Amino acid sequence: MIEDIVSHHLCIYSHNKAHHKPETRFPKNRQNTTMPPPPLTTIDLPAIKTRSWTLKTTYTISDIISYNLALGAPGSSLPLVYEAHPNFHALPTYGAVPCIAIMGLVHASMHDFLPNFKGHAHVHGEHYLRLRTAYPVPEGNGQVELETTARVVDIVARLTGVLVCVDIVTREEGSRDVIYARTSGRVS
């Protein structure tokens, strides 16, 4: 099982004060009206934990060089900017690129399993990226194909919302080897 290979948590924290603290409104005919919070809701955690999202992405040598330069690699650091260098490689944080894309899919569907979820009222709690092997370097003008899978592993109640923990694993599509795993969280 993948749990034996990596320990990775992405936590998404959504903060919505209206759920826990009355909101004050000032209509035309009244000076001060307090609106009650919405009723408490329950979620089906076992059903949510069966959800997963998969995304296929590709990258080329040009993508690696652009990423390395964007993160400040100097032109004199040939292993990061010159594809013919024997030690050419991507920076270890390159794994964040497919994770950002798949978290877009997870975020877009959170309203399906989290009642009262408001996409604009969440914060990124934390993340952990574990590189299992070096990123494969494409040959010539070729590209490397990756398959990234995300799944909800836990939802934890907090004072102002919930913490959603998501495991993300990326494999090279041809070999199925795990390249990296990432866990992140968001609070809703």
Open item on the list: Condition first: in contact with a helix residue (DSSP H, G or I) (Cβ under 8 Å, 6 or more places away or on another chain) and either among the polar types (S, T, N, Q) or part of a strand (DSSP E or B) (or both). Can you find one or more residues in segment 99-118 that meet it?
Closed with: yes
- [ ] Identify, by number, the condition in (1) at pLDDT 90 or above; (2) over 24 Å from ASP167 (Cα atoms) that TYR94 doesn't meet.
- [x] (2)
Open item on the list: Please determine whether any residue of segment 73-89 is at pLDDT below 85 and not in a loop (DSSP other than H, G, I, E, B).
Closed with: no
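Before we move on, is THR160 among the hydroxyl-bearing types (Ser, Thr, Tyr), under 18 Å from TYR59 (Cα atoms) and in contact (Cβ under 8 Å) with a residue 40 or more places away in the chain?
Values: among the hydroxyl-bearing types (Ser, Thr, Tyr): yes; under 18 Å from TYR59 (Cα atoms): no; in contact (Cβ under 8 Å) with a residue 40 or more places away in the chain: yes.
Answer is no for this residue.
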TODO: Give the residue, chosen from VAL156, VAL169, VAL164, that is part of a strand (DSSP E or B) and touching a Gly at 6+ places or on another chain (Cβ under 7 Å).
DONE: VAL164
Task: Unmet criterion (only one of (1) among the hydroxyl-bearing types (Ser, Thr, Tyr); (2) assigned to a helix (DSSP H, G or I); (3) over 24 Å from ARG176 (Cβ atoms)) for THR93 - done: (3)
Open item on the list: Would you confirm, using the coordinates I've provided, whether GLY174 is of a type in the set (Gly, Ala, Ser) and surrounded by fewer than 20 Cβ atoms within 10 Å (Cβ to Cβ)?
Closed with: yes
Task: Pairs with Cβ under 7 Å, 6+ apart, first in segment 127-151 and without any contact (Cβ under 8 Å) to a residue 60 or more places away in the chain and assigned to a strand (DSSP E or B), second surrounded by fewer than 17 Cβ atoms within 10 Å (Cβ to Cβ) and not aromatic (Phe, Trp, Tyr) - done: LEU131/PRO92
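The values are calculated or read from the model by the stated rules, or taken from the named source; none is laboratory data. Just so you know, these numbers come straight off a predicted model, no measurement behind them. Positions of Cβ are backbone-derived with ideal geometry, glycine not excepted, and every protein chain shown enters the neighbour counts.
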